[in-house]
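This report refers to the structure that appears directly beneath it.
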Amino acid sequence: MRAAGHALAALLLASASAEAQNGNIFNRTGSGARAAGMANAFIAVSDDGTASSWNPAGLGQLRKPELSIVTSTLGASYGTSGFRARDDSATYSPTEASYSSTYLDFASLAVPFSIGGMPVTMQASWRRLYDLSFQQNVSTTQEPTTPGGPPPLATFATNANSTGGIDLASVSGAIKLTPRMALGMNVNFWQGAWEDHQSTAIALPGTEQPPLFVKHDQTNGVSGTNVGVGLLLTYPRWSVGVAYQGALTGDYTSSGQTATSLTPPPTPVSAAAPMHFPQELGAGVSWRPADRWTTALDLTWDDWSEATVTPPGGSAVDIFNGVPIERSGIADTLSANLGAECLFHGEGHVIPLRFGVAWEPQGARSAYTLDPVHFVMLAAGTGYNTNTIKFDAAFQYRWARFRDGDNFTLEGGSPELPSAVGLRDVKRWTIKLSLIVRVTDTDKLHRGIKKVFGGG
């Protein structure tokens, strides 16, 4: 049991190293370009086919079937500067890297109907909660602070990439209890699979020694189920929404193997353990100061101090860096999202203009520096909407700068005592495109279904 615990800790540390370098954002926002254009301030709005990913109670506002599809294109640039050895014996030259990826973000079908005269909406959906794709090729030069002194001049070249992500398949429903109040619920089935590949080579200029290297390949998996509930109160000029996502208690599995010029070479390891992904509580208010305007504010609290994996026979460790939870530096966060929408009416169509700003602190942080990781986000969006088709587009830009540690050794190291400390800069942009088709002629839909299945 203890060996399995050590294996899991080693795998978590290797995976955390890759995740730390790409600056992933783990806020559990919903989907849709309309919400993205309003800087993700959507809990109290939630009135289209993406509603269940924000506040399942919002489905109660749909009165016609809606088919939704959303795509995301993500780009990021990553840089380091000012890295120095903890003992001040060496400095490391700045690095820069960038990457981009496009993926299906969300797909759903929502169908409203009545039970005993009470409006009900059901929805089936799929969502990419976290896209963990990443690519990086960088090199840095280690230079002694004392000319000719230790450590020797060396160049570290790192090639890292990750593929895959964590997906949710959800069944959601909402019931409109009164003309003003709706309740909603969703059941989310988590399924994640991603691979991390990282290789590092160290060259010693001016010597005949061949480069030293280490290459690590790792496969990870996550599965489990959680439940979310929502409440929405709507009035002519304002609305209030509350959304709660329960904790996920699931399974984390991982296996990895390492090739290296060091001796003896490490042996392949694999492990499995229960994982706890924390609860989240969000509240939002929306105000319509004029017929064409909607403004919204969301506050979201994430209980990141409960994001743990428990190795067999061991105690809980931070899911992000594999450090015991009491020493990991992980912190609960409160995010704030503020957005607005203005509508310009044309003949048979509406063109919206959206914009917003957000403050998105991250729970994960360096166990050594404990420096907070706070992303600031600006957003803008537009679209072309008719009674049957809604096409929306949005652009979001985020940035953060924080002190972090890194280990410039082939043997790896500890997040609690990295070999060097410096600044990381992360800049991320996202383009979201949404297409929502509303079926306005439900009688025609019913006749078509009957024809397909031979009913007339």
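Quick notes on this one:
- Once region 209-237 is narrowed to residues that are in contact (Cβ under 8 Å) with a residue 60 or more places away in the chain and within 25 Å of Ser52 (Cβ to Cβ), the residue that is surrounded by the fewest Cβ atoms within 10 Å (Cβ to Cβ) is Val229.
- Some residue of region 128-142 being in a strand (DSSP E or B), more than 29 Å from Glu96 (Cβ to Cβ) and of a type in the set (A, V, I, L, M, F, W, C): no
- Residue that is farthest from Ala283 (Cα to Cα) [pool: residues in region 322-337 that are surrounded by fewer than 19 Cβ atoms within 10 Å (Cβ to Cβ) and in contact (Cβ under 8 Å) with a residue 12 or more places away in the chain]: Arg327
- Among the residues of region 191-219, those that are in a strand (DSSP E or B), farther than 18 Å from Pro278 by Cα and either among the aliphatic types (A, V, I, L, M) or touching an Asp or Glu at 6+ places or on another chain (Cβ under 7 Å) (or both) comprise Ala193, His197, Ala201, Ile202, Ala203, Leu212, Val214, Gln218, Thr219.
- The listed residue being out of contact with any helix residue (DSSP H, G or I) (no Cβ under 7 Å at 6 or more places or on another chain), at pLDDT below 95 and in a helix (DSSP H, G or I), out of Gly49, Gly5: Gly5
- Total residues in region 88-140, condition of a type in the set (Val, Ile, Thr) and closer than 24 Å to Arg428 by Cβ: 4
- Top-ranked residue of region 248-295 - restricted to ones that are aliphatic (A, V, I, L, M) and touching a helix residue (DSSP H, G or I) at 6+ places or on another chain (Cβ under 9 Å), ranked as farthest from Arg354 (Cα to Cα): Val269
- Of residues in region 125-184 being touching a His at 6+ places or on another chain (Cβ under 9 Å) and small (Gly, Ala, Ser), the one nearest to Ser72 (Cα to Cα): Ser162
- Remark: Thr146 falls outside the filter, which requires a residue to be among the hydroxyl-bearing types (Ser, Thr, Tyr) and not in a loop (DSSP other than H, G, I, E, B).
- Of everything in region 118-164 that is of a type in the set (Val, Ile, Thr) and closer than 16 Å to His216 by Cα, the residue that is surrounded by the fewest Cβ atoms within 10 Å (Cβ to Cβ) is Thr163.
The values are calculated or read from the model by the stated rules, or taken from the named source; none is laboratory data. Just so we're clear, the structure is a prediction, and the values are computed from it rather than from any experiment. Methodologically, a virtual Cβ is constructed for each residue, glycine included, from the backbone with ideal geometry; neighbour enumeration extends over all protein chains shown.
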